[in-house]
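The values are calculated or read from the model by the stated rules, or taken from the named source; none is laboratory data. All figures in this text were calculated on a predicted structure; none of them were measured in a lab. With ideal geometry, Cβ positions are generated from the backbone for all residues, glycine too; neighbour counts draw on all protein chains shown.
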Amino acid sequence: MTNDGTMDEMREFDDNQAETSTREKRRNLIAFWLLGLCNNFGYVVMLSAAGHILGEGSGSKDGKCKPSSAGNVLLANILPALIIKIIGPFINLKIHLQVLLVVIVDVASFVLTSSTNPDVKWIGYSGVVAGSIGSGLGEIAFLKYSSHYQTNVVSAWSSGTGMAGVAGAGAYALMILKLSDELTLRLMIAIPILLAVSFWVILEHPREPSSESHENIAESSSVCCVPSSTQSGPTLSFSQKLKLMQPLLKYMIPLGLVYFAEYFINQGLTDIITFNIYTPNTQYTWYQTCYQVGVFISRSSVNIVHIRHLWIMPILQIINAVFFTFEAFFSFIPSFWIVVVLIVYEGLLGGASYVNTFYKLSQDVAPQYKEFSMGVTSLADSTGITLAAFAAIGAHNLICDHRYPRSH
């Protein structure tokens, strides 16, 4: 009788543990999805609001190029993030301090960009820079922190970043139909507040296990979070980190090429590819929204479709970039809606490259190196985007001076 009672108590304890683990798993997935959404939201909004930040009005339907390329805003939106990602893996700050900094600079970003005007453009650009710092710091912090949890949080994070594109571009496009650009940007201060709630309230943070339960927790790590002591391993020296970067190039180079090609399209070409049905700024905003729809779909698909050959995406995306470059010069596509479909396809390739790279990395890399590897690989997309920004600025005037106008 006593043995039966003991067995019943053990089963009840196991059931309670399983229920707790399932609840924590669900909370962590929700938290990482929201963190991805909030971290990338401002970055997307800054690109959608490029016309407002440049202070060049809504543009006209006569097919003439605007004086400035959207690549200027892209450069301000990515270069600070690139610098953060270069130095970030080699600097160890407490995760809570990093998240606090992200929240502060994100709030400052929306405040500054909402205060911009054509005569004082540096205020708007300062806001873009602040948002870039927050986005870069957040991405590297949360990707590194994801190494302490089950692998599925990577797909949750990626799906959230994909939704950030749809929500950010879509919300901006819809809100400015009724509200001013300034008020729209001020209202978006709610996003960094949601980020803080997601991290400090919703997310279950890793717990240090007791010596008795260490083995059991390690065995159940696929269900719950993995404590940092079991995941991080020994502290890596600077020279060890440099040596670890070389085998990561097979993940970084394809990802960087995809991002170079797609951001050259988005910020170097699509603001030139215009039709006479909407103003250039309106078309550009909706191009961004459609691109983000494609990104969201593919970033949310990794649990259904795995692409292990990472080089497929950069090859297809470079073909896209060549095609859009010819369109920018010769204006041969007859319909705005054809361009929209192609941009959704471009977004599908970009999102697939991002999520499959980090998902494959999370499975291939040894646990003690995973945190550093996740952080440093995020450098690849920012490098590709930065190079695309310079290329977009250079290509803007070249294409505008030699393009064939679209016949209406």
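Given the structure, is Ser373 within 30 Å of Asn92 (Cβ to Cβ) and either free of Cβ contacts under 8 Å to residues at least 60 places away in the same chain or of a type outside the set (Phe, Trp, Tyr) (or both)? It would help to see each step written out before you state the result.
Numbers: within 30 Å of Asn92 (Cβ to Cβ): yes; either free of Cβ contacts under 8 Å to residues at least 60 places away in the same chain or of a type outside the set (Phe, Trp, Tyr) (or both): yes.
Judged against the criteria, Ser373 is a match.
Kindly indicate whether Phe390 is in contact (Cβ under 8 Å) with a residue 12 or more places away in the chain, aromatic (Phe, Trp, Tyr) and surrounded by 20 or more Cβ atoms within 10 Å (Cβ to Cβ).
Working: in contact (Cβ under 8 Å) with a residue 12 or more places away in the chain: yes; aromatic (Phe, Trp, Tyr): yes; surrounded by 20 or more Cβ atoms within 10 Å (Cβ to Cβ): no.
The answer is no for Phe390.
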Exercise. Which of the residues belonging to region 300-309 are surrounded by fewer than 22 Cβ atoms within 10 Å (Cβ to Cβ) and under 18 Å from the mean Cα position of the chain (by Cα)?
Worked result: Ser300, Ser301
For this session: Specify the residue that is surrounded by the most Cβ atoms within 10 Å (Cβ to Cβ); the eligible residues are those in region 83-108 that are over 22 Å from Thr383 (Cα atoms) and not β-branched (Val, Ile, Thr).
Result: Ala108
Problem set entry | Selection status of Val99, out of contact with any Pro (no Cβ under 7 Å at 6 or more places or on another chain) and at pLDDT 95 or above | yes
Problem set entry | Checklist (1) of a type in the set (Gly, Ala, Ser); (2) closer than 23 Å to Thr289 by Cα; (3) at pLDDT below 70 applied to Ala18, failing item | (2)
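Looking at Leu310, Leu316, Leu349, Leu342, which is the one that is touching a Pro at 6+ places or on another chain (Cβ under 6 Å) and on the phi < 0 side of the Ramachandran plot? It would help to see each step written out before you state the result.
Values: Leu316 fails: touching a Pro at 6+ places or on another chain (Cβ under 6 Å); Leu349 fails: touching a Pro at 6+ places or on another chain (Cβ under 6 Å); Leu342 fails: touching a Pro at 6+ places or on another chain (Cβ under 6 Å).
That would be Leu310, the only listed residue that is touching a Pro at 6+ places or on another chain (Cβ under 6 Å) and on the phi < 0 side of the Ramachandran plot.
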Problem set entry | Filter result (within 22 Å of the chain's Cα centre (by Cα) and either among the charged types (D, E, K, R) or not in a helix (DSSP H, G or I) (or both)) within region 365-408 | Val365, Lys370, Glu371, Ser378, Asp381
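Residues are listed down the side, and each one gets a yes or a no for (1) surrounded by 16 or more Cβ atoms within 10 Å (Cβ to Cβ); (2) basic (Lys, Arg); (3) over 30 Å from Val302 (Cβ atoms):
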residue	(1), (2), (3)
Trp122	no, no, yes
Ser159	yes, no, no
Ala164	yes, no, no
Met175	yes, no, yes
Val201	no, no, no
Exercise. Which of the residues spanning region 270-299 are among the aliphatic types (A, V, I, L, M), surrounded by 23 or more Cβ atoms within 10 Å (Cβ to Cβ) and assigned to a helix (DSSP H, G or I)?
Worked result: Val295
Exercise. Ser331 passes all but one of (1) closer than 28 Å to Thr285 by Cα; (2) surrounded by 18 or more Cβ atoms within 10 Å (Cβ to Cβ); (3) within 22 Å of the chain's Cα centre (by Cα); which number fails?
Worked result: (3)
